[in-house]
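Chemist: Input: one structure, supplied below.
The values are calculated or read from the model by the stated rules, or taken from the named source; none is laboratory data. It should be emphasised that the depicted structure is a prediction, and the values quoted were computed from it without experimental measurement. Neighbour counts run over all protein chains shown; Cβ positions are idealised from the backbone, glycine included.
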Ligand code: B12
């Protein structure tokens, strides 16, 4: 019997039965609108506990529900056995699904304990304790060691009064808050051997289907390497900013993994996957020296996988050249949010229009395989007009670089939520935000809105919720036409995208009408198949993001890695 089962819920339970028009909320990530990807921390928890001698199983319920329409969640949970079930509420948009799954776990396993963790759990720990099916919340961005202590306490039937970071209910149902003092300054004891230990766990429970991080992972096995917890920047919309970490996760400075550990991960991944590897976070955060060490290590490792690197601020040509020398055909991720220097500044991002243009030009010149630029709708000072100017800027870039196919431009709304803990969420007026929801339950209910407009937990002084919806469709449609015009995407892909966006826009308007009329239940049920079809349309942006190349999984190697142990 596993000592702990980690469950990942879909954003909304049961999305297969509810009628919800999602909008372009997950177009730029590998997940679908069910947000089936579990936190990378699942791998580090499996690794840490396995090394400590415990058995941990992962069950990605969201991915199972997506991949099999007959997958029976209740029957599956009923068959599980463990004294402790952990559910992630890392991203707030899992708040509906996560709590419904907790209810199902308690229904079938009233004597097992239910544990929540992740950034949103840490933020909303008091709210979570009011749900009777939740026994524990582990706070913080680094829960491996507290979790080890909790698993031991549960196994031994002891009260967890000494487990750091834990909020729990004692025998009388009183909520107890243990000291929140497990906040490691360096990440030297985590992610030691996590690929091997994940493979070990998959084999032990003979259940690869429940470990898949997202629906299409088998055909596009992108993997991520964590470099740090925390952040040096304080972007207004980010719940993972330095101020959010300081105020809510008790972290005053980011903790980094040693460069050697980052290289070791990349080498481990190379042994079982030919897919792209996303090195998370700007490597210059701890200093240029850190970045240099990683690049030297990568060069020596001779890894063939395509490497994806992030930049939080403009980079010198010298640095970009170094990236090209060490990771041929590398892919660059840049999120300036807007083309307009004033707006970029108001959102706290570290670019200017000139700096952005220079970095793009230099990256293309040194041979970067692809430059991904992400713009966002719903940031301070941004008007309808300004969003349209961002699209004009995109055309300017395509022209300037002669329709270079390596230039990948994307725009999406900040949705559904302005992150809790972000400067914008905490001081809405100061940054021109109006916040509609505050509590966990309000956010949970918002996720059930048939029209994504009402899931948005904010609007701005410059854009109402309706305008955010309208301008999002308009901007993405225009960008799509530009991509067609400059030959960036095929006419077929452009046509599919066009159809998806136009039918979604039409449906959003119809839903708005319907909901203002009231009494819409029957009509919503009638619309479900149509809305499901719109939600399931292929997303051109996601297809465009998938890096071409040899991306197969080296299963035999993965198994070999297991047998060698
Ligand atoms: C890397 C990253 C991603 C990666 C995800 C990689 C992955 N699988 O984890 C990608 C790019 C795919 C991504 C996507 C999204 N992200 Co993101 N992401 C980040 C980022 C930059 C770093 C996260 C991080 O440091 N993790 C490390 C630590 C904190 O977490 P961890 O190791 O996974 O888990 C540890 C703890 O959190 C905790 N824990 C987590 N789960 C559980 C469960 C249990 C039971 C327990 C006990 C403990 C526990 O213990 C773990 C081990 O110590 C942060 C910003 C930041 N600087 O923090 C945003 C951030 C987390 N993302 C955010 C958002 C909003 C999203 C999206 C919803 C955006 C969107 N609309 O598409 C999607 C959701 C993806 C999905 N689930 O399908 C917000 C979350 C705000 C909130 N509170 O809801 C953040 C804070 C900032 C931001 N706006 O980007 N993201």
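Chemist: If you take just the strands (runs of 3 or more DSSP E) that sit entirely in the stretch 335-449, which of them hold at least 2 residues that are closer than 23 Å to residue 246 by Cβ?
Modeler: On the way: elements: 370-377, 407-413, 433-435.
Of the strands (runs of 3 or more DSSP E) lying wholly inside the stretch 335-449, those with at least 2 residues that are closer than 23 Å to residue 246 by Cβ span 433-435.
Chemist: Turning to a different aspect of this structure: Which members of the stretch 301-331 meet the condition of being touching a residue at least 24 places away in the same chain (Cβ under 8 Å) and part of a helix (DSSP H, G or I)?
Modeler: Once the filter is applied, which keeps residues that are touching a residue at least 24 places away in the same chain (Cβ under 8 Å) and part of a helix (DSSP H, G or I), the stretch 301-331 yields 301, 317, 319, 320, 321, 322, 323, 324, 325, 326.
Chemist: Right, residue 445: at pLDDT 95 or above and surrounded by 16 or more Cβ atoms within 10 Å (Cβ to Cβ) or not? I'd like the intermediate steps shown before the answer.
Modeler: Working: at pLDDT 95 or above: yes; surrounded by 16 or more Cβ atoms within 10 Å (Cβ to Cβ): no.
It is false that residue 445 is at pLDDT 95 or above and surrounded by 16 or more Cβ atoms within 10 Å (Cβ to Cβ).
Chemist: Based on this model, can you work out whether residue 171 counts as more than 20 Å from residue 90 (Cβ to Cβ) and either at pLDDT below 95 or within 14 Å of the ligand (Cβ to nearest atom) (or both)? Full working, then the answer.
Modeler: On the way: more than 20 Å from residue 90 (Cβ to Cβ): yes; either at pLDDT below 95 or within 14 Å of the ligand (Cβ to nearest atom) (or both): yes.
Judged against the criteria, residue 171 is a match.
Chemist: Still on this structure, I have one more. Just for helices (runs of 4 or more DSSP H) wholly inside the stretch 185-281: which have at least 2 residues that are in contact with a helix residue (DSSP H, G or I) (Cβ under 8 Å, 6 or more places away or on another chain), more than 13 Å from the ligand (Cβ to nearest atom) and more than 29 Å from residue 351 (Cβ to Cβ)? Even if it seems obvious, please write down each step before you answer.
Modeler: Values: elements: 194-205, 242-248, 259-272.
Hits in the stretch 185-281: 194-205, 259-272.
This table checks each residue for (1) surrounded by fewer than 23 Cβ atoms within 10 Å (Cβ to Cβ); (2) touching a helix residue (DSSP H, G or I) at 6+ places or on another chain (Cβ under 6 Å); (3) closer than 19 Å to residue 268 by Cβ; (4) not assigned by TED's automatic domain parsing to the domain that holds residue 233.
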{"residue": "285", "(1), (2), (3), (4)": "yes, no, no, no"}
{"residue": "289", "(1), (2), (3), (4)": "yes, no, no, no"}
{"residue": "295", "(1), (2), (3), (4)": "yes, yes, yes, no"}
{"residue": "308", "(1), (2), (3), (4)": "no, no, yes, no"}
{"residue": "318", "(1), (2), (3), (4)": "yes, no, no, no"}
{"residue": "324", "(1), (2), (3), (4)": "yes, yes, no, no"}
{"residue": "332", "(1), (2), (3), (4)": "no, yes, no, no"}
{"residue": "336", "(1), (2), (3), (4)": "no, yes, no, no"}
